[in-house]
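What follows is a short report on a single structure.
Nothing in this text is a laboratory measurement; each read-out follows from the coordinates by a stated rule. Everything numeric in this text was worked out from a predicted model, so none of it was measured. Note: ideal-geometry Cβ built from the backbone for every residue, glycine included; neighbour counts use all protein chains shown.
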Amino acid sequence: MYEIIKRQLVECANLKEEEIRPDAHLKEDLGFDSIYAAELTLELEEYFNISISWEEMKDVVYVKDVVDLVERKLGKK
């Protein structure tokens with residue numbers, strides 16, 4: 001799951017794979033803003049065929065939080 005989400009982060013925010021770690025802070029370490037967050041949300045919804053609310057994304061701070069959110073949505077946690 002982490003590798004899939006890592007690829008999504010690379011694509012939507014033009015990041016280098018080596019920049020992405022589970023403990024990376026989306027805003028401070030990776031430069032995410034609301035536009036990147038919206039794009040990531042759309043990418044994840046489409047790829048995994050899930051629905052993610054803006055409220056749920058507001059609670060996402062670290063890369064591992066993205067993984068946890070998707071796993072919860074898929075019923076894997």
Relative contact order (%) - criterion: Cα under 8 Å, at least six apart; region: the chain: 36
Semi-axis lengths (Å, descending) of the ellipsoid that matches the C-alpha gyration tensor of segment 12-51: 19, 12, 9
Sites K27 and K76 - FRET efficiency at Förster radius 22 Å, r taken between beta-carbons, to 0.05: 0.30
Mean ellipticity per residue at 222 nm, deg cm²/dmol - from DSSP H runs of n ≥ 4 across the chain, formula -39500 (n - 2.57): -17000 deg cm²/dmol
Debye intensity ratio in log₁₀ form over the Cα atoms of the chain, taken at each q of 0.15, 0.27 Å⁻¹: -0.42, -1.62
17 Å reach of a label modelled at N14, 7 Å along Cα-to-Cβ, counting backbone N of segment 22-65: 30-40
